Amino acid sequence: MTTDHGDHAPAHPHAHHGGHPADPTLYRTPADAAAAPPERLAYVVGFDRGARRPDALFTLDTDPASASYGTVVGVTELPTLGDELHHFGWNACSSALAHADHHNPERRYLIAPGLRSSRLHVFDTHPDPAHPRLLKTVPADELAAQAGYSRPHTLHCGPEGVFLSCLGSADGTDGPGGVALLDHETFDVLRAWETDRGPQQLAYDVWWHLNHDVAVTSEWGTPSMVEEGLDPELLLGRKYGHALHFWELGTGRHLQRADLGDEHQMVLELRPAHDPGATWGFAGVVVNVTDLSASVWLWHRDAAGGDFTVRKVITIPAEPADPAELPPALRPFGAVPPLVTDINLSVDDRWLYVSAWGTGELLQYDVSDPFQPRRTASARLGGITARTPHPAAPDTPLTGGPQMVELSRDGRRVYLTNSLYGSWDDQFYPDGIDPWLIKLDADPESGGLAVDRRFFPHGAEFRGRRVHQTHLQGGDASSDSYCYR
């Protein structure tokens with residue numbers, strides 16, 4: 001049973017500059033998306049760690065010519081407590097142009113799963129994009145009954161419905177996790193996507209190579225493995241996820257498991273090439289238990305097809321530190337792990353951004369040759385021991401570090417937030433997380449990063465919530481897959 005909070009507003013007509021007359025922000029090619037006008041708004045989800053106030057969707061002004069640039073201009077609160085909004089996403093992206101069952105695609109609704117509550121919240125960004133309204137809530141028992149899953153995490157608009165990755169099975173504690181399908185237009189839960197799971201048990205992200213009928217999933221852990229924080233015994237026992245899974249997209253049939261080696265714990269974010277003809281992508285790995293390094297891996301398939309191959313293409317070492325400055329979980333190691341918790345690939349597939357949440361660094365790589373990434377720039381912000389401040393407030397140490405990273409379609413603006421997951425925040429930043437959203441200006445021609453001193457919403461602007469993921473009006477680098485060249 002789905003709870004409605006209002007009627008669907010009528011679609012607003014737009015001039016047709018994209019791939020569909022109802023919505024010009026749906027693009028047939030990555031180049032079309034990169035050439036589109038810049039975003040004027042950003043949406044970010046925030047949660048209350050103490051679950052004493054409702055989580056919220058914040059709207060921020062990203063128009064440099066606006067008097068309210070860099071500030072919160074809208075807040076939509078949930079009617080419930082304890083959701084822990086985490087990842088979220090649009091109901092439609094550019095790949096909707098190829099979905100026969102998506103009859104009138106329009107990038108309009110934001111679907112925000114509660115990672116702790118297993119509820120799904122649907123926000124309507126029309127008629128006023130700065131003030132979205134809550135349209136409906138899909139209860140946890142519908143997700144469990146219809147798909148057999150709980151703890152929804154990441155979603156993307158896909159063939160047959162919206163793909164929703166989930167960490168747990170219906171009982172909310174164990175696995176297997178997997179992917180649920182939601183109706184594109186009603187957002188009701190349809191079913192589990194998988195038809196033959198093969199050896200897959202752990203879940204995290206889901207993406208695809210749409211034109212090749214291939215899906216990819218990654219691994220974190222079941223709810224009981226992650227909800228109360230990082231479990232040292234599970235980590236040192238190499239029990240967290242360490243593999244990629246490849247599937248037949250159209251049928252949900254498991255094709256291949258690619259093991260990265262059990263020392264490489266927690267294979268999280270997936271970023272496939274935006275080029276719909278490509279069959280390669282990047283995956284971020286949080287930590288190597290042998291040396292606390294983090295890494296980025298490339299999956300690829302040769303021109304003849306067949307199985308996929310994975311290889312490590314980026315290694316980021318841990319940084320030595322005074323044990324007295326470390327949280328209890330890290331003192332025995334005398335080092336700060338990078339903790340790569342997010343990566344993002346520019347729409348033109350040239351620039352890869354890597355968030356090192358532990359050391360407090362955002363790294364930029366030129367991946368024109370994806371087999372040999374070349375580091376081109378970095379920016380230090382926060383960090384477990386460094387606490388590097390924002391240049392607009394040089395006397396105020398930042399808590400948290402670069403975590404979720406979002407990139408504009410034209411590759412010129414990078415947005416960062418600083419919270420990972422409530423219980424994990426508490427372990428690695430035990431003094432607390434004061435929320436911030438930081439924007440950096442990027443050079444998509446030759447590389448380079450510079451922090452925007454004018455854009456720094458933080459602290460009380462987020463009304464007591466920590467902020468996690470950001471999405472941009474009209475789409476962004478992590479929202480879209482494309483259909484045609």
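The values are calculated or read from the model by the stated rules, or taken from the named source; none is laboratory data. Please read all numbers here as calculations on a predicted model, not as lab measurements. Neighbour counts run over all protein chains shown; Cβ positions are idealised from the backbone, glycine included. Protein only, heavy atoms only, side chains kept; ligands, DNA and RNA dropped before computing areas. Shrake-Rupley method; radii C 1.70, N 1.55, O 1.52, S 1.80 Å.
Numerical summary
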item: Qualifying positions in segment 362-384 - open to solvent by 10 Å² or more (accessible area, probe 1.4 Å), in contact with a strand residue (DSSP E or B) (Cβ under 6 Å, 6 or more places away or on another chain) and not aliphatic (A, V, I, L, M); result: Tyr365, Asp366, Pro370, Pro373, Arg374, Arg375, Thr376, Ser378, Arg380
item: Residue ID - nearest to Arg151 (Cα to Cα), chosen from residues in segment 405-427 that are open to solvent by 10 Å² or more (accessible area, probe 1.4 Å) and part of a loop (DSSP other than H, G, I, E, B); result: Leu420
item: Residue identified as in contact (Cβ under 8 Å) with a residue 60 or more places away in the chain and open to solvent by 30 Å² or more (accessible area, probe 1.4 Å) among His131, His126; result: His131
item: Segment 188-242, residues that are free of Cβ contacts under 8 Å to residues at least 12 places away in the same chain and hydroxyl-bearing (Ser, Thr, Tyr); result: none
item: Pair list, Cβ < 7 Å and 6+ apart or interchain, from segment 435-450 residues that are closer than 18 Å to Pro373 by Cβ to residues that are charged (D, E, K, R) and open to solvent by 50 Å² or more (accessible area, probe 1.4 Å); result: Ala442/Arg412; Pro444/Arg412
item: Flag if Leu236 is open to solvent by less than 30 Å² (accessible area, probe 1.4 Å), over 18 Å from the mean Cα position of the chain (by Cα) and over 23 Å from Leu181 (Cα atoms); result: no
item: Residue in segment 323-346 that is modelled with pLDDT of 95 or more, among the small types (Gly, Ala, Ser), within 24 Å of Thr417 (Cβ to Cβ) and not in a strand (DSSP E or B) present; result: yes
item: Residue list for segment 239-254, restricted to those being within 15 Å of Gly178 (Cα to Cα) and open to solvent by 10 Å² or more (accessible area, probe 1.4 Å); result: Glu248, Thr251, Arg253, His254
item: Checking Thr137 against (1) out of contact with any strand residue (DSSP E or B) (no Cβ under 6 Å at 6 or more places or on another chain); (2) open to solvent by 10 Å² or more (accessible area, probe 1.4 Å), the condition it does not meet; result: (1)
item: Residue selected from segment 385-398 under the condition touching a residue at least 60 places away in the same chain (Cβ under 8 Å) and either within 30 Å of Lys312 (Cα to Cα) or out of contact with any Lys or Arg (no Cβ under 6 Å at 6 or more places or on another chain) (or both), by the criterion least open to solvent (accessible area, probe 1.4 Å); result: His390
item: Scope segment 157-211; condition of a type in the set (Ser, Thr, Tyr), open to solvent by less than 50 Å² (accessible area, probe 1.4 Å) and in a loop (DSSP other than H, G, I, E, B); matching residues; result: Tyr204
item: Qualifying residue in segment 292-308 (condition: closer than 26 Å to Thr376 by Cα, open to solvent by 10 Å² or more (accessible area, probe 1.4 Å) and either in contact with a helix residue (DSSP H, G or I) (Cβ under 9 Å, 6 or more places away or on another chain) or of a type in the set (Phe, Trp, Tyr) (or both)); result: yes
item: Any pair with Cβ under 7 angstrom, 6 or more apart, that starts in segment 333-355 at a residue that is farther than 22 Å from Trp220 by Cα and ends at one that is charged (D, E, K, R) and outside any loop (DSSP other than H, G, I, E, B); result: Ala335/Glu319; Arg350/Asp366; Trp351/Asp366
item: Strands (runs of 3 or more DSSP E) enclosed by segment 215-319 - at least 1 residues per element that are of a type in the set (Lys, Arg) and touching a strand residue (DSSP E or B) at 6+ places or on another chain (Cβ under 8 Å); result: 253-259, 264-272, 309-316
item: Close pairs from segment 473-484: first surrounded by 22 or more Cβ atoms within 10 Å (Cβ to Cβ), partner among the small types (Gly, Ala, Ser) and in a loop (DSSP other than H, G, I, E, B), Cβ under 6 Å, at least 6 apart; result: Ala477/Ser346
